[in-house]
Every structure is written in C-alpha cells, then in structure tokens.
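Student: Pasting a structure here, questions to come.
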Number of protein chains: 2
Amino acid sequence: MPIDIPTPGQPVRGSSTGKPIMALFDLLGRSWALGVIWQLSDRALTFRQLQTACEGVSPTVLNKRLKELTASGFVVRNDQGYLLSPSGAQLLALLRPLGHYSEDWAETFTQTGESLAGHSPDAPRPGP
Amino acid sequence: MPIDIPTPGQPVRGSSTGKPIMALFDLLGRSWALGVIWQLSDRALTFRQLQTACEGVSPTVLNKRLKELTASGFVVRNDQGYLLSPSGAQLLALLRPLGHYSEDWAETFTQTGESLAGHSPDAPRPGP
DNA sequence: CAGATTCGCTACACTATGCGTAGCAATACA
DNA sequence: TGTATTGCTACGCATAGTGTAGCGAATCTG
C-alpha cells in the first residue's frame, strides 16, 4: 500500500489539479496534523513524547502523520527526536496567531453559557 | 444522535480539558473544513455552489461541516446562501498567508522533480 | 394551472481513516 | 543476564467520508 501524501500538482482533496493551497489543506486537514506541528513548536520530541503530548493519539496514526509531514518537508529527525524543519517553523509562525484567536473564540462560548455540562475544572489556558 | 462538535472547554481531540487551540484544530482538522472557509472568502455561496467549488465533496459531509461551522460561529446563512460571519472572516484573515506560503512550498516540489515524497531511509535515531 | 428546473438536504451502501491494545526488535543500562 | 525504554507494526473494531439516488419545497415556464 503506497502511502497517499497530498502533493502540489497532483490531484488532492479539493483540487483535481493539485492547487498548492488545497494540497496544504488536505495535508493539514487530517487528524492530528496541526496538533503535531503545534507540539513541536519549541522543542524536539521523541515518538513517545509526542504520543503523550498529543493526548490519545494512536501510534498508528502518529506514525502516519509523521511520515507525511517529513515527506512534505515540515518535520525532520535528529538524535533528539522529531522537530520542525525551517519550512515547518515558517508554517508554524503562520499558525501561531490562531492560538490567540482561539482564546477569543472560546470566550464566546463561556459568555453565552453554551452547554458546558460536566466540564472538569481547568486552569486558565496556558500557551503551548 | 447528537452531532459531535468540538467545543472549547469540553474534551476534544488533543486535549481532554478542551484547550481552545485544540478545539479549533479539531474543528479545522476535519476534511473540507478549511476548504469550505477558503471558498467562502470573498462571496456567499449556495449549497450546490459550494459543492461545485469544493470539487468532489459529498453532500453528506458538506452538510455536516456547514452545521459544525455555523454552530461554531464561523459561518452564517442569508438569502444569498452561506457566508463567513465576522468571526469567520477574522479567522480567514489569519489563514490567508497560508495561500502565499503554499505557493513557495509547492516550488520545492517542482524544483526537486516532484519526487520529494520518498523520504530518506534513516536518520540517526534518538538513543533511549 | 401543469410541467420543468433548481434548491437544500437526506438515505443508504460501500470504503477509507482512525482507535485501542498488544507486542516486537533494537538499544541502553544494571 | 535481566529490565526498561525506544520507535514502530499488527490487528480487530469503530467512526468518518464517498458516491449515487432521490425527496420535498420553491421558483420559473408555458
């Protein structure tokens, strides 16, 4: 089974001609892809450390995402484990603002008292 | 069966306590979510127009994504069809830079003859 | 009014993707 | 030698996404 990795210029989800943005969205729009990049923001992590950092990710999927992300040039390996490549760090820089945005977004839920039944007490959201 | 929509403060993929950024990633990390937002960037689209714009999306999933995105406050409806809410437009503004980035990223594939996808066999492994 | 077209959306069977657990080979240290 | 940790695979099950067909409502057309 050849691994299916979204590649610009090749048919991807959202574009039969492989428009770069759609290839990127196809890649990032898979479970845990964004989370993995986020966790690698400031440090290298081993496979098991990543497993722990991404609560609940199965090793099967983690391995798949890591292969996709390395093949796409966002992630590399060294003796410390997995870490972002320069290109990956560049991508993360573009994703960073989403962190602040998400906190503003979250407030719209607490303000309107949206169904929050049975939520466990949580510290004020710490940045990654 | 209640639809499962990632909500800050509730357990989501990547955070049992529902950290906002993880809830957002859970939401955007589902197929077509990013693509739908992207397509609505500059105009309102009807359901069928969206179906056409997102080549190959099934109506089942499109409907699901639209429900999630409206419930999350990113998308609204008017007589013209679906369009981004102010909050959604704000989110899109943060995603826009990815468009340019993806173009640069795509060049790394054409430069290397599009065969970057085969990842190098082995890097030095992190010793336990 | 009858017919045709388009609309948003649902039903349903099939396939792909992800999950959870177990566990293996390799390395490191005792 | 034994124990522990590493990266990672196997496998069975559950969920998410695909593809096609088609419904009821609304809007044109004659």
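Student: Can you go through A:P97, A:P124, A:P86 and tell me which one is surrounded by fewer than 16 Cβ atoms within 10 Å (Cβ to Cβ) and at pLDDT below 75?
Tutor: The conditions single out A:P124.
Student: Residue check: is B:P59 without any contact (Cβ under 8 Å) to a residue 40 or more places away in the chain and facing chain A (nearest Cβ under 7 Å)?
Tutor: For B:P59, the condition - without any contact (Cβ under 8 Å) to a residue 40 or more places away in the chain and facing chain A (nearest Cβ under 7 Å) - is not met.
Student: Could you check, for region A:64-76, whether at least one of its residues is over 14 Å from the mean Cα position of the chain (by Cα) and within 16 Å of DNA strand C (Cβ to nearest atom)?
Tutor: yes
Student: Further question on the same structure: What's the number of the only condition in (1) within 14 Å of DNA strand C (Cβ to nearest atom); (2) modelled with pLDDT of 95 or more that A:M22 fails to meet?
Tutor: Tallying (1) within 14 Å of DNA strand C (Cβ to nearest atom); (2) modelled with pLDDT of 95 or more, A:M22 fails exactly one: (1).
Student: Mind listing whichever residues of region A:41-55 are in a loop (DSSP other than H, G, I, E, B), without any contact (Cβ under 8 Å) to a residue 40 or more places away in the chain, under 18 Å from B:M22 (Cα atoms) and polar (S, T, N, Q)?
Tutor: Once the filter is applied, which keeps residues that are in a loop (DSSP other than H, G, I, E, B), without any contact (Cβ under 8 Å) to a residue 40 or more places away in the chain, under 18 Å from B:M22 (Cα atoms) and polar (S, T, N, Q), region A:41-55 yields nothing.
Student: For residues that are over 30 Å from B:Q10 (Cα atoms) and away from DNA strand D (no atom under 12 Å from the Cβ), scanning just region B:51-80, find the one that is surrounded by the most Cβ atoms within 10 Å (Cβ to Cβ).
Tutor: B:A53
The values are calculated or read from the model by the stated rules, or taken from the named source; none is laboratory data. Please read these numbers as outputs of a predicted model, since none were measured by experiment. As a convention, Cβ positions derive from the backbone with ideal geometry for all residues, glycine included, and neighbour counts pool all protein chains shown.
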